[in-house]
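Input: a single structure, listed below in structure tokens.
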2 protein chains.
Amino acid sequence: MTTRNFNALVDARWKAGFTLCINLDPEPGRIPPAFQDRPAIKGMIDFLKDVIWETADLVAAYKPNAAFYEACGKDGHEMLRQVIETIHEAAPNVPVIFDAKRADIGNTNEKYVTATFDELGCDAITVHPYLGPEAMAPFIDRKQNGIIVLVRTSNPGAGRYQDLLVDGRPVYQHIAHDVATTWNVNGNCGMVVGATYPDEMKQVRAIAPDSLILVPGIGAQGGDVDATVRNGMRPDGSGLLLCAGRSILYAQEEGSSPRIAAQVLHDQITAARQQLQR
Amino acid sequence: MTTRNFNALVDARWKAGFTLCINLDPEPGRIPPAFQDRPAIKGMIDFLKDVIWETADLVAAYKPNAAFYEACGKDGHEMLRQVIETIHEAAPNVPVIFDAKRADIGNTNEKYVTATFDELGCDAITVHPYLGPEAMAPFIDRKQNGIIVLVRTSNPGAGRYQDLLVDGRPVYQHIAHDVATTWNVNGNCGMVVGATYPDEMKQVRAIAPDSLILVPGIGAQGGDVDATVRNGMRPDGSGLLLCAGRSILYAQEEGSSPRIAAQVLHDQITAARQQLQR
């Protein structure tokens with residue numbers, strides 16, 4: 001893993017025309033019937049492996065969320081390990097973002113760094129900003145890994161603290177500016193901005209013209225692809241990772257499949273990008 | 001676990017005169033020599049079990065931090081499970097706080113709730129405030145469990161965002177007020193305020209006179225017991241959980257033992273409380 005570089009991997013995928021990031025979040029009750037003939041944990045692992053092999057040529061990144069694995073108790077870690085291993089096998093040039101939203105004091109963050117990058121072999125992690133950049137040094141120091149800071153989250157009540165006005169500007173904009181400057185001494189920091197907030201996306205892109213922005217909220221949460229691309233993409237078509245999970249993984253519930261749903265979303269993003277670059 | 005109630009457990013420990021919370025954070029390189037004659041993971045588990053049995057009658061709570069277990073990779077979950085099981089066995093009336101600093105959108109927080117309370121059997125969890133109370137509903141809805149929100153963290157750079165002024169008051173005070181009111185509809189929310197910030201402790205206690213405050217930063221981080229008790233304790237001697245970890249677990253490095261170090265700190269807290277109540 002030591003020779004992998006998150007920025008380089010993402011840049012190459014962007015240059016190849018890919019912007020989609022698939023969330024790999026297993027929900028035991030929603031595994032397709034074809035995977036229900038075996039023990040539940042094995043069914044989920046086999047299903048996720050299938051999704052990865054079916055979509056590996058369509059994505060810019062994969063993003064497993066820690067909570068869905070932890071909820072599986074003692075089997076969760078092994079499930080996550082196998083999912084990450086499968087990504088490295090099926091898509092060796094596609095980075096893995098651990099959507100864990102971690103952050104603690106420095107001494108403790110060193111342990112999260114070990115867990116995420118050394119033990120699990122992920123390429124990037126999402127983190128909370130609340131403790132400030134000083135505490136986050138162990139993450140920031142991992143130059144080859146991506147550190148993606150929550151700036152504007154996709155949930156309906158995100159504004160409660162993120163919109164508090166400080167010197168006439170909302171907190172999320174102060175943090176966006178900081179992440180692009182103070183945090184970014186090693187050039188490895190990105191931000192999270194939800195697709196459900198296109199106006200805030202525009203503000204963040206203006207503040208941080210060069211930053212990687214990870215965008216949850218496409219698909220099941222109702223975020224708009226066109227508005228996201230218009231307000232968040234850089235002129236050269238790079239800069240964004242658009243995340244969808246449930247709408248792809250459980251596409252069979254709508255009579256589709258993960259491959260088809262991923263292809264449709266990829267095409268939609270590509271069309272929006274071409275519209276932008278026209 | 002369904003009949004356990006975090007508030008009731010803590011109240012009973014306070015009434016019995018206990019305020020100390022021991023952090024159970026295993027560091028492979030610091031296990032005492034007596035536990036080094038076996039595989040590393042077993043050595044750590046046996047050591048932590050010993051610390052629990054030696055200190056069970058001196059504490060108000062135990063607090064394992066997720067990061068230290070996750071850094072142990074595939075064995076981490078089993079280690080954590082055994083530590084929690086040992087607490088329930090050695091100290092059935094002492095609550096377990098999972099210091100995991102989690103927080104995601106609502107749908108995902110449901111999974112963290114399952115992982116923490118149902119799978120692991122913890123009584124409380126620490127969480128980040130950044131997504132706001134709307135996203136945190138799955139935690140807040142667990143009336144019998146404690147939800148302890150980061151308000152003022154113990155790290156040197158905590159002020160970077162926590163001290164930003166909104167309407168003339170720092171962000172951490174706005175959040176403290178919210179946690180004691182909006183978040184606390186079920187009476188199960190507490191806050192984290194670092195012992196390294198006695199002035200901020202005083203402010204938070206004024207804003208939230210009834211709230212449980214979890215206080216990291218005693219011991220290795222240098223927080224002052226007397227100032228913490230003076231500024232944070234309620235008049236009846238309740239309201240605080242003072243956390244120490246490294247200074248107790250690795251007391252042997254200083255020629256002491258976990259039991260003796262815990263007893264010394266308990267006595268120091270008791271003296272400070274008596275001073276206050278005089």
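When you look at A:Lys143, is it in a helix (DSSP H, G or I) and either touching a residue at least 24 places away in the same chain (Cβ under 8 Å) or closer than 22 Å to B:Leu150 by Cβ (or both), yes or no? No; evaluated as a whole, the condition is false for this residue.
Would you mind telling me which numbered condition in (1) in a helix (DSSP H, G or I); (2) within 10 Å of chain A (Cβ to nearest Cβ); (3) surrounded by fewer than 23 Cβ atoms within 10 Å (Cβ to Cβ) B:Pro138 fails? With respect to (1) in a helix (DSSP H, G or I); (2) within 10 Å of chain A (Cβ to nearest Cβ); (3) surrounded by fewer than 23 Cβ atoms within 10 Å (Cβ to Cβ), B:Pro138 is out only on (2). Taking the numbered list (1) more than 26 Å from A:Thr114 (Cβ to Cβ); (2) in contact with a helix residue (DSSP H, G or I) (Cβ under 8 Å, 6 or more places away or on another chain); (3) at the interface with chain A (Cβ under 9 Å from one of its Cβ atoms) in turn, B:Asn109 passes all entries but (1). Of all the listed residues (A:Ile41, A:Ile87, A:Ile97, A:Ile52), the sole one being under 24 Å from B:Arg81 (Cβ atoms) and more than 10 Å from chain B (Cβ to nearest Cβ) is A:Ile41.
Applying the condition of being more than 7 Å from every other protein chain (Cβ to nearest Cβ) and assigned to a loop (DSSP other than H, G, I, E, B) to the range B:112-128 and asking which residue is nearest to B:Asn186 (Cα to Cα) yields B:Asp123. Comparison of B:Leu80, B:Leu131 shows that the only residue that is aliphatic (A, V, I, L, M), open to solvent by less than 40 Å² (accessible area, probe 1.4 Å), under 25 Å from A:Pro26 (Cα atoms) and more than 9 Å from every other protein chain (Cβ to nearest Cβ) is B:Leu80.
For the range B:9-30, the count of residues that are of a type in the set (S, T, N, Q), more than 10 Å from chain A (Cβ to nearest Cβ), open to solvent by less than 10 Å² (accessible area, probe 1.4 Å) and not in a helix (DSSP H, G or I) is at least one. In the range A:148-176, of all residues being part of a strand (DSSP E or B) and buried (at least 23 other Cβ atoms within 10 Å of the Cβ), the one that is nearest to the other protein chains (Cβ to nearest Cβ) corresponds to A:Leu150.
One residue stands out among those in the range B:177-202 that are polar (S, T, N, Q) and open to solvent by 10 Å² or more (accessible area, probe 1.4 Å): the one that is nearest to the chain's Cα centre (by Cα), which is B:Thr196.
What's the total number of residues in the range A:206-217 that are under 18 Å from A:Pro156 (Cα atoms) and open to solvent by less than 10 Å² (accessible area, probe 1.4 Å)? Of the residues in the range A:206-217, 3 are under 18 Å from A:Pro156 (Cα atoms) and open to solvent by less than 10 Å² (accessible area, probe 1.4 Å). Of all residues assigned to the range A:180-199, none qualifies as being facing chain B (nearest Cβ under 8 Å), touching an Asp or Glu at 6+ places or on another chain (Cβ under 8 Å) and not β-branched (Val, Ile, Thr). Inside the range B:73-121, can you point out the residues that are on the phi > 0 side of the Ramachandran plot and over 17 Å from the mean Cα position of the chain (by Cα)? Across the range B:73-121, the qualifying residue is only B:Gly73.
A quick yes/no check of all residues on (1) open to solvent by 10 Å² or more (accessible area, probe 1.4 Å); (2) at pLDDT 95 or above; (3) in a strand (DSSP E or B); (4) of a type in the set (D, E, K, R):
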residue: B:Val204; (1), (2), (3), (4): no, yes, no, no
residue: B:Thr228; (1), (2), (3), (4): no, yes, no, no
residue: B:Glu253; (1), (2), (3), (4): yes, no, no, yes
residue: B:Ser256; (1), (2), (3), (4): yes, yes, no, no
residue: B:Arg259; (1), (2), (3), (4): yes, yes, no, yes
residue: B:Ala262; (1), (2), (3), (4): no, yes, no, no
residue: B:Leu265; (1), (2), (3), (4): yes, yes, no, no
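Restricting attention to the range B:64-77 and to residues that are open to solvent by 10 Å² or more (accessible area, probe 1.4 Å) and not in a helix (DSSP H, G or I), the residue that is nearest to the other protein chains (Cβ to nearest Cβ) turns out to be B:Ala71.
The values are calculated or read from the model by the stated rules, or taken from the named source; none is laboratory data. As the structure is a computational prediction, the values presented were derived from the model and not from experiment. Neighbour counts run over all protein chains shown; Cβ positions are idealised from the backbone, glycine included. These accessible areas exclude ligands, DNA and RNA; they are computed on the full protein's heavy atoms, side chains included. Shrake-Rupley method; radii C 1.70, N 1.55, O 1.52, S 1.80 Å.
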